[in-house]
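Read through the structure below, which is laid out as structure tokens, and then see the notes.
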Amino acid sequence: MAGLDIENVRAGYRGREVLTGLSLPPIEQGCITAMVGPNGAGKTTLLRVLAGLLPASGGVRLDGLNLLDAPTGERARKVAFMPQFAPQRLSLTVVETVIAALRASPMDTEETRVDAQQRALETLDRLNILYLALQPFDTLSGGQRQLASLAQALVRQPRLLLLDEPTSALDLRYQQQVIGNVREEARKGTIVIMVLHDLQAAASWADTVTVLSGGRLFAHGHPRDVITTPILRQVYGIDAVVEHTARGGVHIQVE
Ligand SMILES: Nc1ncnc2c1ncn2[C@@H]1O[C@H](COP(=O)(O)OP(=O)(O)OP(=O)(O)O)[C@@H](O)[C@H]1O
């Protein structure tokens, strides 16, 4: 019952189907899944379906609850989505955006409002960006914006955390900060799905790698079984030497 089941999902844009009956093996609670695949494969589309931002048919069950027809409030309490690109114009300070993200869940007493501010500040602190709390969101650098968007997702303590390329603009130190926080969430039982293009990061950060190609599941499993020379050739059309290390990393040398 606990976990995420995705079955026969169909979704797309203006009459064009992008996900053409996508099913994944069940994802257990506490699992970190890296979703990889070529540009245009449908990765973001799937995250948007899971977040309730795009209509779809089929079945998406989180702990038994069908997310595709769950009331908005109930879904918002369980699912948080960090988009690939944060909104451009947002005339709020960073801490205000994090509090606003928390308000996706009902908060009607003075006590919960104070608690919201406290939780927002704690979340910024966890990501080492407390110093940005009072800065207008609009004035952040690309990487700072990514960290603030992650804070907006983490503060809600979701059961399902969806991250679209969460580290693409981050320096090495903040990448480690982010993955540390993501692992901490997973240890509490949160299911994490993150879209990544960096296969070396996918191998060392995720328990499971899912490869999408052309809106369909191409491969799913342990990084060692999925990030392989034949699969990279079939999915990306590249010849590469792939070496998995004993510590769970991977070296990929493109020929
Ligand atoms: N808002 C939209 N309207 C119309 N078509 C869209 C829209 N968003 C995405 N698409 C199309 O859907 C397909 C899948 O896009 P999606 O963003 O899900 O791919 P992706 O795997 O996340 O790609 P990338 O790695 O480049 O971010 C693409 O062909 C894209 O052109």
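Can you list the equivalent-ellipsoid semi-axes of the chain, largest first and in whole Å, using the square root of 5 times each Cα gyration tensor eigenvalue?
30, 22, 16
Compute, for region 129-255, the length of the dipole vector about the Cα centre, with Cβ point charges of +1 (Lys, Arg) and -1 (Asp, Glu) only. Units Debye, rounded to 20.
It works out to roughly 420 debye.
Among 227, 155, 212, which residue has its Cα positioned farthest towards the positive end of the charge dipole of region 124-255, with +1 placed on the Cβ of Lys and Arg, -1 on the Cβ of Asp and Glu, and the dipole taken about the Cα centre?
155
Net charge around residue 223, counting only other residues with Cβ within less than 13 Å of its Cβ (Lys, Arg = +1; Asp, Glu = -1)?
Net charge in that neighbourhood comes out at -2.
Using a basic spin-label model with each label point 7 Å from the Cα along Cα→Cβ, how many nm lie between residue 236 and residue 139?
About 3.9 nm, to one decimal.
What's the center-to-center distance, using Cα atoms, between region 161-220 and region 51-74 in Å?
Between the Cα centres of region 161-220 and region 51-74 lies a distance of 22 Å.
Suppose R0 equals 30 Å; then what is the FRET efficiency for residue 224 and residue 7 from their Cβ-Cβ distance, rounded to the nearest 0.05?
Between residue 224 and residue 7 the formula returns 0.70.
What share of the DSSP beta bridges in region 4-254 is antiparallel, in percent to the nearest 5?
Here the share of antiparallel DSSP bridges comes out near 60 percent.
Given +1 on the Cβ of Lys and Arg, -1 on the Cβ of Asp and Glu, and no further charges, what dipole in debye does the chain carry about its Cα centre, rounded to the nearest 20?
320 debye
Could you calculate the contour length gain from residue 66 to residue 84, that is, 0.36 nm times the residue separation minus the distance between their Cα atoms, to one decimal place in nm?
4.0 nm
Grab the Cα-Cα distance for residue 128 and residue 16, subtract it from 0.36 nm times how many residues apart they are, and report the gain in nm with one decimal.
Separation in residues times 0.36 nm, less the Cα-Cα distance, equals 36.1 nm.
Show me 164-172, 77-85 ranked by packing, highest mean number of other Cβ atoms within 10 Å first.
In descending order of packing, they fall as 77-85, 164-172.
Rounded to the nearest 500, what is the chain's calculated 222 nm mean residue ellipticity when only DSSP H runs of at least 4 contribute -39500 (n - 2.57) each, over all residues?
-10000 deg cm²/dmol
In region 4-254, with Lys and Arg counted as +1 and Asp and Glu as -1 at Cβ, which of these residues, 22, 86, 182, has the Cα nearest the positive end of the dipole, that is, farthest along it?
22
A short reminder: the numbers here are calculations on the coordinates, not readings from a lab. Predicted model, so just to flag it, every value in this text is computed and none were measured. Using ideal geometry, Cβ is built from the backbone for each residue, glycine included, and neighbour counts are taken over all protein chains shown.
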